[in-house]
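Structure record follows, encoded as structure tokens.
The values are calculated or read from the model by the stated rules, or taken from the named source; none is laboratory data. Since the model is a prediction, treat every value here as computed from it, not as a measurement. Here the Cβ positions follow ideal geometry from the backbone for every residue, glycine too, while neighbour counts run over all protein chains shown. Only protein heavy atoms, including side chains, enter the accessible area calculation; ligands, DNA and RNA are left aside. Shrake-Rupley method; radii C 1.70, N 1.55, O 1.52, S 1.80 Å.
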Amino acid sequence: MREWCSFFTALISVLLLLWIFASRPAIARDNTVLFDFDGDGKTDIALYRPGIWTQTVRGTSHFYVRNSSTGETMVIPFGAGGDRPAVADYDLDGKADVAIFRSWEDTLKVPWEASDYWIRYSSTGQTEVIYHFGYGTVINRNFVEDGRPELGVFTHRVLGDPTDPCYIDGFLLASGINLFQKDITEECSGGWNRRMPALGDYNNDGYSDAAIFVRNFVVRGSSYYEIWPSPFVAGYTEPPIVRPFDVELIAPGDYDADGKTDLAGANIVQGRYRWKIEFSSTGELWQLPWGIAGDKIVPGDYDGDGKTDPAVFRPSDGTWYIFRSSDWGWEEHQWGLGTDIPIPEPNSF
């Protein structure tokens, strides 16, 4: 009898554990762009201060990182004037690596010419220089293969006569010797649409998805997201997901901790930002007044609760304003200069 009681007790315990884990969302998000420099699971307040860049001088650039675990400041000289930050966790040690993208587009007139990535790995302290074919907005994330971020750019290529308003937008990724190119649009217009990367893991498979936000500058309410869920497919394909979303600034992130990137952004209403977030878990639309016109949007998981926190960096006085999702409190940090580039800002690279 005791044996049967023990058996049923163990069975009930196992079933209870299975029910608990089944009731929780399986989260497989791409954490290579958490911007966590000290490995404590929180986004760190971090800036890139470009060095001076003239025809005769390229001054040293610096990364400034405020460790969330200790409050200490790290000042890391890396790169030079004209370089752009390209921060990600390239060695998968749980810490963001300082990196820069050095493009020669100002001296080479033909697109697809040489560019270099300079990466200092936090696990070894060693620096690697990697040639990259092409230039554009830096989009280094894990799109394919082994979990490491691919080296990538979002390209904007003019077709034919540079005076004609015709162009191709697309993604160009390099993973080792493999090159992946995905053109997403070929368009001739008067410039009333602007496309920008809106990257994230929209289907919770652990890989970042190719995604863009198309902002219409003429017709209010006509902006939308286009999403190509992973696996990443090279070549031109129509976007499987097209979602209208009326915002002026984008801030994609996982605000409800279900492992899926949520559609998010902000509009400017009477000189203030009004955030608009659509939770992927429930479809609920949440709005929050946070920030003023001129602020830079810098979403991140600053409190380490698995949810993206709305946040802004105010260049006018170098202050960060963070709305914590864990307790709905807020904090401010005066840290930085107006000319600095905040690392968590979408498409700032």
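How high is the FRET efficiency from Thr319 to Trp53, r the C-beta distance, R0 35 Å, rounded to 0.05? List each step's numbers first, then the result.
Working: r = 27 Å, r/R0 = 0.76.
Step by step, r from the Cβ atoms, then E = 0.85.
Using a Cα distance threshold of under 21 Å, what count of lysine pairs results for the chain when pairs must be 8 or more residues apart or interchain?
10
Please state the charge dipole magnitude for the chain, taken about the Cα centre, from unit charges on C-beta atoms (+1 on K and R, -1 on D and E), reported in debye and rounded to the nearest 20. Intermediate results must be reported in sequence, preceding the final value.
Values: 29 positive and 50 negative charges, 100 e Å.
I would put it at about 480 debye.
Keeping all protein chains in the complex and leaving out DNA, RNA and ligands, what accessible area do you get for His132 with a 1.4 Å probe, in Å² to the nearest 10?
Here the accessible area works out near 0 Å².
Could you tell me how many degrees, from 0 to 90 and to the nearest 10, lie between the Cα long axis of helix 2-23 and the main elongation axis, the longest principal axis, of the Cα atoms of the chain?
Orientation of helix 2-23: about 20 degrees from the principal axis.
With every protein chain present, what is the per residue accessible area of the chain (1.4 Å probe, Å²)? All intermediate terms of the calculation are to be shown ahead of the outcome.
Working: 16960 Å² over 349 residues.
Per residue, the chain has 49 Å² of solvent-accessible surface.
Where Lys and Arg each count +1 and Asp and Glu each count -1, what net charge lies around Gly125 among other residues with Cβ under 14 Å from its Cβ? Present the calculation step by step, with values, prior to reporting the outcome.
Values: positive: Lys95, Arg120; negative: Asp91, Asp93, Asp97, Glu128.
Counting the neighbours of Gly125, the net charge comes to -2.
Which length gain, in nm to one decimal place, applies between Gln334 and Asn267 when the Cα-Cα distance is subtracted from 0.36 nm times their residue separation?
Numbers: separation 67, 0.36 × 67 = 24.12 nm, distance 2.43 nm.
Here the segment from Gln334 to Asn267 would lengthen by 21.7 nm.
Heavy-atom accessible area of Ser326 with all protein chains present, probe 1.4 Å, nearest 10 Å²?
For Ser326, the solvent-accessible surface is approximately 70 Å².
Relative contact order for the chain: what is it in percent, counting Cα pairs under 8 Å that are at least 6 residues apart?
Numbers: 876 pairs, mean separation 41.8, N = 349.
Averaging sequence separation for qualifying contacts and normalising by length gives 12 percent for the chain.
Starting from the 7 Å offset along Cα-to-Cβ, what nm value, one decimal, do you get for the label separation of Ile292 and Thr70?
Inter-label distance under the simple model: 3.6 nm.
Expressed as a whole percentage, what fraction of the accessible surface of the range 156-259 belongs to carbon and sulfur atoms when a 1.4 Å probe is rolled over the protein heavy atoms?
On the way: 2560 of 4640 Å².
For the range 156-259, the apolar C and S fraction of the accessible surface comes to 55 percent.
For a paramagnetic label modelled at 7 Å from the Cα of Ile241 toward its Cβ, which residues of the range 272-308 fall within the zone defined by backbone nitrogen distances under 14 Å?
Only 278-284 pass the distance filter.
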